[in-house]
Structures are given as structure tokens and as C-alpha cells.
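Notes follow once the structure below has been shown.
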Amino acid sequence: MIAAVLTLAFTGVTTIFQARVASDELRQSREEVRRAERAQAARITFWTDRAVHVRNGSVDPVSDLTLAFRLSEVTIGGIRRPLGRYVGTFPGIGPCSELVIEKNMLELELKPVSPHMDLQVAGVAFFDSNGMEWLRTTDSLTSPPAVKDWEGDLRTSDEQDVRLTKPPVVKPASPCS
């Protein structure tokens with residue numbers, strides 16, 4: 001009788017242990033799937049210097065790329081004063097490529113943009129090679145994009161639309177993985 005009770009108790013403990021192992025394996029499998037889904041999107045980056053750069057560091061193209069950035073000037077007190085905003089859509093970026101928009105390709109109120117003005121990217125939305133939509137901002141990468149209301153996010157009462165006067169330059173980017 002004691003042996004039967006011990007066998008039953010041991011079987012119950014074994015079942016609980018097996019269930020926990022299976023749960024951990026399922027969690028790890030889901031994390032691997034999420035990492036694989038994000039692999040290409042994680043290789044889409046952007047930065048600004050004298051230009052806006054959007055880089056596709058993956059070996060697959062991205063499509064329907066929407067770029068949003070703000071143009072501002074830094075006042076003598078170091079305060080950024082928004083002047084204009086840009087939201088534009090491009091067919092995409094090929095594998096291992098970089099899209100570049102230089103300040104001399106921009107116009108604000110029909111005047112060329114000053115090289116002293118500052119560029120700040122709000123985000124880049126795109127579709128990866130699997131057809132998943134992504135939104136990359138300075139602090140997140142989400143799919144599907146939770147919020148992409150750049151009209152509201154970027155617009156202040158005195159801002160104008162920034163126009164692109166020339167097509168962006170697309171050049172090879174390396175390294176690429």
C-alpha cells in the first residue's frame with residue numbers, strides 16, 4: 001500500500017515536472033519565433049547628421065517605407081524651435097542599401113533649408129520581406145505599429161510642410177548580414 005502511494009506521488013511529481021519543462025520549451029520556442037520575425041526589421045536603422053539616413057542592413061528588401069522627420073532650429077538659449085515636418089512614402093529600400101536625404105534636397109516655405117537647421121527622425125514604417133508591417137522609432141520596434149499618427153505627433157501650430165526637391169540618394173551599405 002505504501003509503495004502504491006509513493007508510486008502515485010512520484011508519478012504526480014513527474015507529471016508536474018514534465019508540464020513545467022514543456023511550458024519552458026514552449027516559451028523558448030515562442031521567443032525564437034519572435035526573434036526570427038524581428039531579425040530583418042531589427043536591421044533597419046536610421047540616424048541624422050547633415051542628412052537623414054535610413055539603412056537596410058539586411059539581405060532582403062523592405063517595401064512601402066514611410067519616413068517622418070522634423071526640421072528645427074536651435075535658438076541661442078539651446079532650445080529647439082520646430083519649423084517644419086516631413087512625412088513621405090517611398091517604394092522601399094533594396095537589400096544592403098541606404099536611403100539618404102541631404103538638407104540641400106529640402107525646402108521649407110519654398111526656400112532652401114539652411115545647413116544649420118536640425119533634423120530629428122520621428123520614425124520609419126515599412127513592410128519586411130514577409131509582409132509584416134513594422135514601426136521603428138528612436139526607442140522601439142513594433143509590429144504591427146501601435147501608433148503611426150505622424151500628422152498629429154509632428155505638427156505644431158506654426159510648423160510648415162518640408163518638401164523634398166530631389167529624389168533621395170540610394171547607395172550601397174556595408175557591412176550587410
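Annotation: the residues Ser129, Ser58, sorted from fewest to most other C-beta atoms within 10 Å of their own C-beta, follow the order Ser129, Ser58.
The simple spin-label model puts a point 7 Å past each Cα toward its Cβ; for Asp118 and Ala42 those points are separated by 3.1 nm.
Taking the DSSP beta bridges in the range 43-172 as the whole, what percent of them are antiparallel, to the nearest 5? It would help to have the intermediate numbers written out before the result.
On the way: 46 of 48 bridges.
Expressed as a percentage, antiparallel bridges in the range 43-172 total about 95.
Only the coordinates and a few stated rules stand behind these numbers; no lab work does. Nothing here was measured: the structure is a model prediction, and the numbers come from that model. Quick reminder, even Gly has a Cβ in these numbers, built from the backbone with ideal geometry, and neighbours come from all protein chains shown.
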